[in-house]
Amino acid sequence: MQNKVTKFVISFLFIISICCLEVNAQSYNVPTSGNNTVTMCGGYIYDPGGTGSYGNGCDGYLVVYPSNPWSLIQVSGSYNTENCCDYVEIYDGVGVNGTLLARGAGSGSISATASQGPLTVYFHSDYSVTYSGFELSVFCLGGACGSYGPAVTLTPNADGVLVSWIGSGDPTV
């Protein structure tokens with residue numbers, strides 16, 4: 001019985017890693033101006049300054065698409081910006097004309113989940129002082145190998161990526 005369980009677990013992990021999930025610790029910066037798009041299901045998004053301080057006069061956005069078309073992008077992280085004039089905003093969908101899901105100015109935490117796939121991360125800074133900006137972890141929520149199955153959450157961390165899902169009384173899950 002133990003061999004069957006072990007084989008099942010190994011098979012399950014293989015299927016998830018090959019078929020279902022792209023797990024790369026990618027990182028991207030929101031452009032200083034204009035816009036850009038990326039496709040990912042694990043990694044980080046930073047302000048235009050990356051891991052350092054951002055510059056003055058930023059006004060750009062990054063559209064993040066999930067690697068798997070059945071997934072939803074979810075971001076969460078922290079920000080430290082000038083309270084009056086610099087901010088990060090997260091919009092549902094593509095571009096800054098969608099629904100505003102979250103806004104951060106000053107310092108704190110921020111998180112948002114797309115309703116149908118991509119999210120847009122917008123950053124604005126005026127021409128006065130700069131701060132450390134923001135860092136958002138990016139992961140995908142979605143079913144396994146299609147539009148069915150449990151909602152799998154990928155959470156990047158210092159050791160790699162935590163793969164989790166909500167348990168169910170249904171034996172097929």
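The values are calculated or read from the model by the stated rules, or taken from the named source; none is laboratory data. As the structure is a computational prediction, the values presented were derived from the model and not from experiment. Neighbour counts run over all protein chains shown; Cβ positions are idealised from the backbone, glycine included. What goes into the accessible areas is simple: the full protein's heavy atoms, side chains included, and nothing from ligands, DNA or RNA. Shrake-Rupley method; radii C 1.70, N 1.55, O 1.52, S 1.80 Å.
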Study note, to complete from the structure: Of the residues in the range 61-114, those that are in a strand (DSSP E or B), of a type outside the set (F, W, Y) and either within 19 Å of T155 (Cα to Cα) or open to solvent by less than 60 Å² (accessible area, probe 1.4 Å) (or both) number 23
Revision key, fill the gap. By residue number, the members of the range 102-161 that are closer than 19 Å to P66 by Cα, among the aromatic types (F, W, Y) and modelled with pLDDT of 90 or more are Y122, F139
Check your understanding: Within the range 29-59, can you find the residues that are surrounded by fewer than 19 Cβ atoms within 10 Å (Cβ to Cβ) and aromatic (F, W, Y)?
Key -> none
Point to revise | Conditions (1) in a loop (DSSP other than H, G, I, E, B); (2) modelled with pLDDT under 95: number failed by P48 | key: (2)
Exercise for review: Output the number of residues of the range 115-135 satisfying the condition of being of a type in the set (F, W, Y) and open to solvent by less than 30 Å² (accessible area, probe 1.4 Å).
Suggested key: 2
